[in-house]
Amino acid sequence: MVALTSSLAEFIAELTLDRVPDTIKHEARRFVVDTFGCVIAGARSELGPIIQSAAKLFGEGHEASVAGEGKRFTSLAASYGNGRLANCLDMDETYPGGPIPGCHFGASIFGEALAFCEQNALTTRELLLAVICGYEVAGRISDIGNQTKIEAGRVTGLPEVWGYALAPTLGAAAATAKLLSQNAASMEQTFGMAASNAATPNTPIWSRQIALPNTNCFDAGWAAMAGGFAARSVEHGSTSIPSIFDGNPNIFTMVGARHVNPDGIVGELGARWALTNTVYKPWPSCRAHHHSLDALRKLIATHRFRFDEIEEITVGVNASKLSRRHLNPEPPTFVAREFSFPHSIAMLLLDVAPGAEWGSERWTSDPTASHLRSKVKFVNYPRAATSPEYFVRGQFRQMPCSVEVKLKDNSFRAEVDFAWGDPWSDETRFSDEDVVSKFRTVTCLPTEIADDVIETMMVSDLGADLSPLFRAMGASSSSAGAELRNRSGA
């Protein structure tokens, strides 16, 4: 039997950029620009001050920057702050695997890797390799297998215990371990330390909340910091549980896994890359919404109707699997608005610029937004019930959805299998231009500052200085906030 922990540790410890395909290195560049944009946008949001204040608990210093603060803090503070900021809008990438397919771990990996690189004056070369290693580990941890119960191509049950914190914590740990040039033995200790200190899986409890708290089902900042701290503590002599992915029980069974597919963790190392399945998000809401949003976007572009002509919007999904937080037409909190189908549809119809403004509290009392949310209805769409038929290694692919817009004298209907940002369809795959356009839109950075970030990460040779990113993190939030409000017509 293959030793899972040591095999993955050895692969990551020995990986160099020369052994990484050019396509994966380019995807890592795109991922950095996209996730960094989410960091800046998060700092502009209503949650920004809360997250920045919490980050300060880890101390001011001279090591690394927290977005929107204009000064430096400890590396732990930056890891926590930027990791949580990147995830707080729910606009960061989605990985299609996990216990219930669809998870976020890029924010934690990037937040920790960027903090370490700033602390140690590293370059794009080190940042990209750390991101690739962290994403690969997190993706393979997510690929141990879908933990839902599937019968005849339908999901018939969910695991009793499940959560998403393990993959981002291990991903952040792997990124820092790589930056520390750990050998395979130390890397294995880092995996044990990070996995032992990942957050308790709480998603079944979190998912039943209606007024969702202002952290997601796990704190992406805490996962970033805990993973990075695990690797650093091993460097200082700490040891942990060896071979934590192996045997029975193992760390996966401890967090609710009913089964573990070893191939997901160590199969095709160096040939199958997690970054090839990165799903980008054009809108700041749960990925489950994006298929209906994409269908509605196409209807708007084709038929040019006005939102004040709409009498009803009918969304065809597997309605029996939607929780109340998805159906809620009057979401009361910032995060609740990210998980409300009706709210996301209202924001798209109102042409609100994607970014921090989508979750603004002002929409709770806006009569037009409230009226549009009330127009959204849900029906069962038979093809949506069989989406597990399209799973690949437990990862989602097609997620069939329909949208019908009813006007007084007409109606329009669209169906989609993929959503904008999915990498498995030529029509929906995010181009480089899409990545850059999203970055400019969500950050509201002055053109010169945005250009420098894009040049550094998308164009410059490996080894470029990362200072344009740190300059952007300290850019004035007041001017960007004013520009955001102007774009949204506020």
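The values are calculated or read from the model by the stated rules, or taken from the named source; none is laboratory data. Remember, predicted model here, so these are calculated numbers, not experimental data. A quick note on method: Cβ atoms are made from the backbone with ideal geometry, for glycine too, and the neighbour counts reach across all protein chains shown. Calculation scope for accessible area: heavy atoms of the full protein, side chains included, ligands and nucleic acids excluded. Shrake-Rupley method; radii C 1.70, N 1.55, O 1.52, S 1.80 Å.
In table form, for the structure just shown:
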{"item": "Phi-based couplings in Hz for segment 74-87 (Karplus 6.51, -1.76, 1.60; Gly and Pro marked x)", "result": "5, 4, 4, 4, 5, 4, 5, x, 6, x, 6, 4, 4, 9"}
{"item": "Chain lengthening between Glu46 and Thr368 when straightened (0.36 nm per residue, less Cα-Cα)", "result": "113.8 nm"}
{"item": "Under the Karplus curve 6.51 cos²θ - 1.76 cosθ + 1.60, θ = phi - 60°, whole-Hz ³J(HN,Hα) for segment 179-190, x wherever Gly or Pro sits", "result": "5, 8, 6, 5, 7, 4, 5, 5, 4, 5, 5, 4"}
{"item": "Estimated FRET transfer efficiency when R0 is 41 angstrom, pair Glu151-Glu455 (beta carbons, to 0.05)", "result": "0.20"}
{"item": "Amide H contacts of Asn261 (H built 1.01 Å from N, under 5 Å, at least 5 apart or other chain)", "result": "Gly145"}
{"item": "5 angstrom amide H check on Ser45, placed H, neighbours 5+ away", "result": "none"}
{"item": "Sum of -39500 (n - 2.57) over DSSP H runs of 4+, divided by residues of the chain (222 nm, nearest 500)", "result": "-14000 deg cm²/dmol"}
{"item": "Local net charge near Ile265, Cβ-Cβ under 14 Å (Lys/Arg +1, Asp/Glu -1)", "result": "-4"}
{"item": "Protein accessible area in segment 204-253, 1.4 Å probe - carbon and sulfur %", "result": "58"}
{"item": "Virtual spin-label span in nm between Asn214 and Thr386, 7 Å along Cα→Cβ", "result": "4.6"}
{"item": "Length added when fully stretched, Ser323-Thr447, from 0.36 nm per residue minus Cα-Cα", "result": "40.5 nm"}
{"item": "Cα gyration tensor shape of segment 304-351, rounded if a/c is under 1.5, else prolate or oblate by comparing a/b with b/c", "result": "oblate"}
{"item": "Accessible area (Å², per residue) of segment 15-107, counting only protein heavy atoms and a probe of 1.4 Å", "result": "28"}
{"item": "Förster-model FRET efficiency, 45 Å R0, Glu160 and Thr276, C-beta, rounded to 0.05", "result": "0.90"}
{"item": "Backbone N within segment 445-465 under 19 Å of label point (7 Å from Asp432 Cα along the Cβ vector)", "result": "450-465"}
{"item": "FRET efficiency estimate (nearest 0.05) - Cβ-Cβ, Asp263 to Glu311, R0 41 angstrom", "result": "0.20"}
{"item": "Gained length - Thr123 relative to Met254, 0.36 nm times residue gap less alpha-carbon distance", "result": "43.4 nm"}
{"item": "Distance histogram in 10 Å bins (all Cα pairs of the chain, percent per bin)", "result": "4, 21, 32, 27, 13, 3, 0, 0"}
{"item": "Viscosity 0.890 mPa s, 25 °C: Kirkwood-radius Stokes-Einstein D of segment 344-405 over Cα pairs, µm²/s", "result": "173"}
